[in-house]
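Visitor: The structure is given below, and queries will be raised subsequently.
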Amino acid sequence: MSSAWDEYICRIEWIKRVVNAKDADMEASVFGAYPDVLYTYGLGPCLAVALYDSKKRQGALAHVALTSISRFMEIELSEEQLAHTGERVVDTLVGKLVNNGSEIREIEARIVGEIGPYDRTHSPKIKRGLEKWNIPLVGERIGGEAKSIIMYLDNGEIEVFELGKKPYFI
């Protein structure tokens, strides 16, 4: 992580509860409501999937590890890890929002990640999951360089910290 990222996280931690999707339970996804801030880091071949309900000002964020990289690196992934990739991620995030009072018609999505040879490995599966629920994809940043993100639950925007670039919003 860059020093700018570290400074930024320190600056917002005293204002809001900051929740990291990468440090979450086995589901590798988190839920929060304003004034919380959700974030994840180290998005290389991985994909961040963020769902947001603007009416309730709450969101859910998942950090999806690619199963293809496990085959490349000859690592075994557990059944729990495999169960939360691709289309199933959307179902998990929708469940978190609906269980906290969201209505499907109020939810929108943003996705970030998948760089290098893993570009567009999971994003088509995520998009199919969004289509199944009729959830609009309002922001997307696939490819490029390694990224870290912050999801603001006051407006659903995602601030992207991409290696070698100034932070930007989607």
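FYI, it's all coordinate maths here, none of it is from the lab. Keep in mind the model is a prediction, meaning the values are calculated, not measured.
Visitor: Using amide H atoms built in the peptide plane, which far-off residues or other-chain residues are under 5 Å from Glu157 H to H?
Guide: Residues meeting the criterion, in which the H sits 1.01 Å from N, are Tyr152.
Visitor: Taking H placed 1.01 Å from N in the peptide plane, check which residues at least 5 places from Val37 or on another chain put their amide H under 5 Å from its amide H.
Guide: So Val37 has HN proximity to Arg17, Val18, Val19.
Visitor: Which entries in Lys55/Lys166; Lys132/Lys165; Lys56/Lys132 show an alpha-carbon gap greater than 24 Å?
Guide: Result: Lys55/Lys166; Lys132/Lys165 exceed 24 Å.
Visitor: Sticking with this one: Quick one: what are the phi-derived ³J(HN,Hα) couplings along the range 142-158, Karplus 6.51/-1.76/1.60 with θ = phi - 60°, whole Hz, x for glycine and proline?
Guide: Once rounded to whole Hz, the list reads 10, x, x, 10, 4, 9, 10, 9, 10, 9, 8, 8, 7, 9, x, 5, 10.
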